[in-house]
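The values are calculated or read from the model by the stated rules, or taken from the named source; none is laboratory data. Predicted model, so just to flag it, every value in this text is computed and none were measured. We place every Cβ from the backbone using ideal geometry, glycine too, and count neighbours over all the protein chains shown. These accessible areas exclude ligands, DNA and RNA; they are computed on the full protein's heavy atoms, side chains included. Shrake-Rupley method; radii C 1.70, N 1.55, O 1.52, S 1.80 Å.
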Number of protein chains: 2
Amino acid sequence: MSDTLDTLENITYNEINEGDTATFIRTLSEDDLVLFAAVSGDINPLHLDPEFAANSIFKERIAHGMWSGALISAALATVMPGPGTVYLDQSLSFKRPVKLDDTLTVGLTVLRKEPRNRVVFKCEVTNQNNQKVVTGEAKVIAPTEKVSLYKPTLPKITIEAQN
Amino acid sequence: MSDTLDTLENITYNEINEGDTATFIRTLSEDDLVLFAAVSGDINPLHLDPEFAANSIFKERIAHGMWSGALISAALATVMPGPGTVYLDQSLSFKRPVKLDDTLTVGLTVLRKEPRNRVVFKCEVTNQNNQKVVTGEAKVIAPTEKVSLYKPTLPKITIEAQN
């Protein structure tokens, strides 16, 4: 038995059933705003500058919309189906803003299995108040071989204090 | 005249015409792999571990698919229409992997203008060999007021050297 805290174990096409569900949870931190701006190149001050954001219609800094998309992709790649998944298609509808300290839950539900190891998932990202933040569908090629991978340790990332 | 290197100037709904195009260019670095893993939570070794990736079907580390999605969102948020854009919908089809040092160009083309300031864009992400990496469509609410924002400076991000 592998220790699931240290490993990424996949769910193969044969193991997946219509109606199966999985979740993936993350809380938005200030660091996430900076890291997503750096890695995407979207340096809109709405995500980065507390003063600017305070004067916007959102009243405070909000997450990049595609951060929620990134969480959906992480759920598919690491939870269900997990390692070995090939991402084919994703649709996303952005429903409401995400604010600092919001805790998002990505909910995946298997809508249908298709020939050639294709699986279609309903994807719903909800916040801690159970409000829908992003909805969509994903189509993937699910893995056919069972694998259990170690989880790499990320190098330490340091963000210089601002002001 | 504002210096466009230091500012983010938007293109309003009235200024946008069918067929208009814009581009946004980024090159995939090792840092991007680490930062995207950190900010999304997708720590699949395919993106992080050179040895593991060498033994995969891809033969080397590849970008998270949704990194290309993040670049599309950055193009919409910072180039066309730019600041003030509200993201409504995005579809993404993942066509081929992205490898280290690949230079991706996000190409946006205005497919149509719709009532209530809605604009639909064709989105194509191509690599330096002009191969399509990701294709899709985006729907946004374009800004109606012209704005020119300063570009915030990102804090310095340091990634600890590995091993």
Notebook entry, point to check: Within segment B:133-153, how many residues are within 30 Å of A:Ser91 (Cβ to Cβ) and either more than 8 Å from chain A (Cβ to nearest Cβ) or surrounded by fewer than 18 Cβ atoms within 10 Å (Cβ to Cβ) (or both)?
Noted result: 14
Next item on the list: Give the residues of segment A:11-37 that are in a loop (DSSP other than H, G, I, E, B) and farther than 20 Å from A:Ala63 by Cα, sorted by residue number.
Entry: A:Ile11, A:Thr12, A:Tyr13, A:Asn14, A:Glu15, A:Ile16, A:Asn17, A:Glu18, A:Gly19, A:Asp20
Check: Are any residues in segment A:111-132 within 27 Å of A:Val39 (Cβ to Cβ) and either open to solvent by less than 80 Å² (accessible area, probe 1.4 Å) or β-branched (Val, Ile, Thr) (or both), and if so, which ones?
Finding: A:Phe121, A:Cys123, A:Glu124, A:Val125, A:Thr126, A:Asn127, A:Gln131
Check: Do you know which residues across segment A:1-10 are part of a loop (DSSP other than H, G, I, E, B) and at the interface with another protein chain (Cβ under 9 Å from one of its Cβ atoms)?
Finding: none
Item checked: From the options B:Leu92, B:Leu88, B:Leu108, B:Leu104, residue that is open to solvent by 20 Å² or more (accessible area, probe 1.4 Å), aliphatic (A, V, I, L, M) and in a strand (DSSP E or B) -> B:Leu88
Notebook entry, point to check: Within segment B:49-76, can you find the residues that are open to solvent by 20 Å² or more (accessible area, probe 1.4 Å) and at the interface with chain A (Cβ under 7 Å from one of its Cβ atoms)?
Noted result: B:Asp49, B:Gly65
Next item on the list: Taking the residues in segment B:12-30 that are in contact with a strand residue (DSSP E or B) (Cβ under 8 Å, 6 or more places away or on another chain) and more than 14 Å from chain A (Cβ to nearest Cβ) as candidates, determine which candidate is least open to solvent (accessible area, probe 1.4 Å).
Entry: B:Ile16
Check: Taking the stated definitions as given, is A:Leu46 within 11 Å of another protein chain (Cβ to nearest Cβ), in a strand (DSSP E or B) and of a type in the set (A, V, I, L, M)?
Finding: no
